[in-house]
Ligand SMILES: [Fe+2]
Ligand SMILES: [Fe+2]
């Protein structure tokens, strides 16, 4: 089968090419091509291209509601480790689509070029994260699609598809920030299990994800400023409205502060 082609007529059209690509390896390859084409000027305009309601996905993994997901085995056991790497690969593939969606869906807004530079960087890094994890799964005699995946991330995208400020409040500043809270424990468990290659991949992802939360916060502040609303109270209101479930401590204050997110956002003084 021919590899799918990137539509280079505009950045939005290229982002839609990635969203509409079903094969996971091709999707992450297109994500890299998008970043190269934007950085070297082969794509020069943002343009307008409507984002699909849902991205195309491979036939496997089957997508389940988060509550239907089977329990992963113990973190240190080989099967538990493979299930963890699979779950992370699934998150990264979703993250490629989420970064493309935040480019295409809101392209009618008058956003500065720096906004697109930032999200193209995220597209490229999420594509790399997926490909590193997919390769690691193959080294462990598994593959992406070997386990079910959950659809929670795309549900968050649909819940915030109407408003960029809501999208920024939930995807980078709740979901990706949650990744910063839980990744150090995963890294420790992988190291204890002696799986150094997986440890190194997660360390790379962790550092990049601090940058993604920082980018999310930067543009959250930008839109708050445009709308003349107070960031902290606005974020808390949007989380209450659009995020099902509670924010789960313990929080990784150090990583969140490196990303520039103030402690007071998520640990407000009791009323
Ligand atoms: Fe990532
Ligand atoms: Fe990310």
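No value in this document is a laboratory result; all are computed from the given coordinates. These numbers come from a predicted model, not from an experiment. Every residue, glycine as well, gets a Cβ built from its backbone with ideal geometry; the counts of neighbours run over all protein chains shown.
Taking label points 7 Å from Cα along the Cα-to-Cβ direction, residue 36 and residue 161 give a separation of 3.2 nm. On a C-alpha basis, how far is the centre of the stretch 210-229 from the centre of the stretch 80-114 in Å? Whole number, if you could? When both Cα centres are located, 17 Å separates them.
Rounded to the nearest 0.05, what FRET efficiency is calculated for residue 258 and residue 191 with R0 set to 25 Å and r the Cβ-Cβ distance? Could the numbers behind the result be given before it?
Numbers: r = 21 Å, r/R0 = 0.84.
FRET efficiency, residue 258 to residue 191: 0.75.
Only helical DSSP H runs with n ≥ 4 go in: add -39500 (n - 2.57) per run for the chain, normalise by residue count and round the 222 nm mean residue ellipticity to 500 deg cm²/dmol. Could the numbers behind the result be given before it?
Numbers: 11 runs with 164 residues, N = 271.
Counting only the DSSP helices, I get -20000 deg cm²/dmol.
What is the extension gain from residue 218 to residue 53, computed as 0.36 nm multiplied by their sequence separation minus the C-alpha to C-alpha distance, in nm to one decimal?
On the way: separation 165, 0.36 × 165 = 59.40 nm, distance 2.58 nm.
This chain segment gains 56.8 nm when fully extended.
The stretch 125-169 and the stretch 1-69 have Cα centres separated by 13 Å. Taking other C-beta atoms within 10 angstrom as a stand-in for reagent exposure, 96, 16, 46 fall in the order 46, 16, 96, fewest first. The slack between residue 79 and residue 109, meaning 0.36 nm per residue of separation minus the straight C-alpha distance, is 6.2 nm.
Going by C-beta contacts inside 10 Å, put 267, 234, 183 in order with the fewest on the left.
Details: 267 12, 234 17, 183 20.
With the sparsest Cβ surroundings first, the list reads 267, 234, 183.
For 186, 69, the sequence from fewest to most other C-beta atoms within 10 Å is 69, 186.
Pulled fully out, how much extra length does the chain show between residue 226 and residue 143, if you take 0.36 nm times their separation in residues and subtract their Cα-Cα distance?
Values: separation 83, 0.36 × 83 = 29.88 nm, distance 4.47 nm.
Residue separation times 0.36 nm, minus the Cα-Cα distance, leaves 25.4 nm.
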